[in-house]
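The values are calculated or read from the model by the stated rules, or taken from the named source; none is laboratory data. The structure displayed is predicted, hence computed values, not measured ones. All Cβ positions, glycine included, derive from the backbone under ideal geometry; neighbour counts span all protein chains shown. Remember, those area values only see protein heavy atoms, side chains included, never the ligands or the DNA or RNA. Shrake-Rupley method; radii C 1.70, N 1.55, O 1.52, S 1.80 Å.
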Amino acid sequence: CYSRLKMPESKVKAYQVAAIKTFQSLVSAHPKSRYGPSALSQIGTLWTILEKPDEAQKALKQLQTDYPGTPEAENALFMLGKSLLELGMRSRAVKVFREMFASGGKYSNTQILTAGNELLKAEEYDISLQAFDRILTSTEERAFVEKAMMGKGQVMMAREEFSKAVEVLQ
């Protein structure tokens, strides 16, 4: 409940810290609880909102270590990267997205495409190309294929590989 309180505005941060403490006590007292992964995910999100990305990363690492294979653990890196982007911390987000692809986890096409586009904006061409290629080999769904082809073409243009860019974009 603490994490959902929005009024009075002057107390929102205090409520968020109280929510973190409550979630942490749940995880400590009941480590095998089915609510543990969700609690750690919420802790990571709240620390990110409070602009404490190091604390958020610790919570998400604990999530991945203590609850591997859960949907929350599999999406932890993407959620952290996305939250960092929303806070304007692009360079940190790029590092997280790079780690996301290195881990080889199971991510949705939307998550891969989002990460690929952000990496492209950050001029991280090699890894953004990996994202677009991953989409192209994993689906034939037109919406994803077209966006991945566009991203791949932009990478080729940025690299000044114009003939490859023309081939991809045609």
Less than 15 Å Cβ to Cβ from LEU80, Lys/Arg counted +1 and Asp/Glu -1: what total charge do the surrounding residues give? 0
Ignoring trypsin sites (Lys or Arg not before Pro) buried by more than 14 other Cβ within 10 Å or outside DSSP loops, the longest site-free run in the chain is 35-105
When N is the residue count of region 35-108, what does its C-alpha Rg come to as a fraction of 2.2 N^0.38 Å? 0.98
Which lysines, on any chain, are close to LYS95 with Cα under 21 Å apart, when same-chain ones fewer than 8 places away are left out? LYS52, LYS58, LYS61, LYS82, LYS106, LYS121, LYS152
At 1.4 Å probe size, with the rest of the protein present, what percent of the exposed accessible area of the chain is carbon and sulfur atoms? 52 percent
Report, in whole Å, the centroid distance computed from the Cα atoms of region 149-170 and region 2-21. 47 Å
Karplus couplings for region 149-156 from phi (6.51 cos²θ - 1.76 cosθ + 1.60, θ = phi - 60°), rounded to Hz, Gly and Pro as x? 5, 4, x, 4, x, 5, 4, 4
Under Karplus coefficients 6.51, -1.76 and 1.60, residue-wise ³J(HN,Hα) of region 21-35 in Hz, glycine/proline x: 4, 5, 4, 5, 5, 4, 5, 5, 6, 9, x, 9, 5, 5, 8
Label zone at SER108 (point 7 Å along Cα-to-Cβ), backbone N below 14 Å, region 115-158: 115, 144
So, counting K/R as plus one and D/E as minus one, what does the shell of residues with Cβ under 14 Å around MET100 add up to? +3
By the C-alpha gyration tensor axes a ≥ b ≥ c (rounded if a/c is under 1.5, else prolate when a/b exceeds b/c, else oblate), the shape of region 105-170 is oblate
